[in-house]
Amino acid sequence: MIITNLEMIPGKKLVKHLGLVQGSSVRAKHVGRDIMASLKNIFGGELKGYTELLQESREEAMSRMQEQASAVGANAVLNIRFSTSSIAQGAAELFAYGTAVVVE
Amino acid sequence: MADLIVLIILLSLGYGFGRLAENKHYKSIKKREHQLRELYVMATKYPPATNPAPATTLVSGSVVISVDYFKRFVASLRNLIGGRVKSYESLLDRARREALLRMKEQANELGADMIFNVKIETSSIHKGRKNAVGSVEVLAYGTALVPSSTASTASSTTGA
């Protein structure tokens, strides 16, 4: 499946438009990471644990979106956007959405 | 009194280690930016029409960076009088450049020569006491164009 955030795919013809597909995942940080993070809050610097955690959950959101896209029979998802929101203390929602299409 | 001593220790730790970490990070950012300067990053939506058409891949880079204790303290003082909060400016600048660099590194591994429609998104992930910004996450993503010239040059050399 072709995933892109362009509005078309170079060299390919758009055959069918299947509408919006989306995927989301809500993750909470675990306590061990939170302790490390509060230490880092004193010294500053990158929070590698959080970077990985968010990367993983973003990938999960993407794969859920892909599942939805293949369920409607698409072979590409165009114009993908990501959004992140922290809904509660210690939990973040990662959201991915795009347009499912069929290309040649 | 004990509180004051703890505060001073935390502030000096934050100042020392924070400065050290920031200088080191800026150094590595500048070095890697220089290495990857050949890779074009554009915010436009439409890539140039080339024949053969390039392969497209979504690439992304993200980073979560925390501000140190000293800078957060300075920022909270700044909140009283208003104005530019320089300590957060450098935090966001570092985070954005790092996220862009990670995206570029990913594209570079794929052999891409351009990245189109780059979007940058910022969100504050970890909020400390009184909703003070503890750390920010920056995500940069775009579409890497991998030229399919390897196949075409092979065929043209055999043709010639």
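Laboratory data are not the source of any read-out in this text; all were calculated from the coordinates shown. This structure is a prediction, so every number in the text was calculated from the model and none was measured. Positions of Cβ are backbone-derived with ideal geometry, glycine not excepted, and every protein chain shown enters the neighbour counts.
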Notebook entry, point to check: Quick one: Cα convex hull volume of chain A, Å³ per residue?
Noted result: 103 Å³
Check: Taking 0.36 nm per residue of separation and subtracting the Cα-Cα distance, what length does fully extending B:ILE5 through B:LEU110 add?
Finding: 32.6 nm
Check: Dividing the alpha-carbon radius of gyration of the protein assembly as shown by 2.2 N^0.38 Å (N being the number of residues), what value is obtained?
Finding: 1.18
Next item on the list: Take peptide B:59-70, look around each residue's Cβ out to 10 angstrom, count Cβ atoms belonging to other protein chains, and average those counts.
Entry: 6
Notebook entry, point to check: Which residue, B:THR50, B:THR122, B:THR143, has the most motion in a Gaussian network model of chain B that connects Cα atoms within less than 10 Å?
Noted result: B:THR50
Item checked: Once exposed loop trypsin sites (Lys or Arg not before Pro) are cut out (DSSP; at most 16 other Cβ, 10 Å), longest piece of chain B -> B:85-160
Notebook entry, point to check: List the aspartates and glutamates whose alpha-carbon lies under 13 Å from that of A:LYS16, not counting same-chain residues fewer than 8 positions away?
Noted result: A:GLU104
Next item on the list: Per DSSP H run of n ≥ 4, the term is -39500 (n - 2.57); total these for chain B, divide by its residue number, and report the mean residue ellipticity at 222 nm rounded to 500 deg cm²/dmol.
Entry: -18000 deg cm²/dmol
Notebook entry, point to check: Using modelled amide H (1.01 Å from N, peptide plane; none on Pro or chain starts), what sits under 5 Å from the amide H of A:LEU18, excluding residues fewer than 5 places away?
Noted result: A:ALA100, A:VAL101, A:VAL102
Item checked: Pairwise FRET efficiency - A:ARG81 versus A:LEU39, Cβ, R0 = 51 Å, nearest 0.05 -> 0.90
Checklist line | Of B:LYS27/B:LYS86; A:LYS13/B:LYS45; B:LYS45/B:LYS86; A:LYS40/B:LYS24, those spanning more than 26 Å from alpha-carbon to alpha-carbon | finding: B:LYS45/B:LYS86
Checklist line | Distance cut-off 17 Å, percentage of C-alpha pairs in region B:1-99 lying past it | finding: 67 percent
Note to self: Using only the alpha-carbon atoms, what does region A:21-82 span along each of its principal axes? Please give whole angstrom values in decreasing order.
What the structure shows: 49, 20, 11
Next item on the list: Calculate how many DSSP beta bridges within chain A are antiparallel, expressed in % of all such bridges and rounded to the nearest 5.
Entry: 90 percent
Check: Cβ under 14 Å from B:SER87's Cβ, B:SER87 left aside: what net charge do those residues give with Lys, Arg +1 and Asp, Glu -1?
Finding: +3
Note to self: Cut-off 10 angstrom, C-alpha nodes, Gaussian network model of chain B. Which of B:ASN79, B:ASN108, B:ASN117 fluctuates the most?
What the structure shows: B:ASN79
Check: Looking only at other chains, what is the average number of their beta-carbon atoms within 10 angstrom of each beta-carbon in B:135-146?
Finding: 4
Notebook entry, point to check: So what is the relative contact order for region B:1-102, in percent, with contacts set as C-alpha pairs under 8 Å and at least six apart?
Noted result: 42 percent
Notebook entry, point to check: Which whole-number percentage describes the relative contact order of region A:30-104, with Cα contacts under 8 Å and a sequence gap of 6 or more?
Noted result: 26 percent
Notebook entry, point to check: Got a sec? Which residues in region A:62-104 would a label at A:VAL15 touch, if it sits 7 Å along Cα→Cβ and we count backbone N under 20 Å?
Noted result: A:66-79, A:99-104
Next item on the list: Summarise the partner chain shielding of B:49-57 as one whole number: the mean count of Cβ atoms from other chains within 10 Å of each residue's Cβ.
Entry: 4
Item checked: 0 to 90° range, to nearest 10: angle between helix B:2-35 axis and chain B longest Cα axis -> 20 degrees
Check: Under a GNM of chain B (C-alpha, springs under 10 Å), which listed residue has the highest mean-square fluctuation: B:VAL59, B:VAL74, B:VAL136?
Finding: B:VAL74
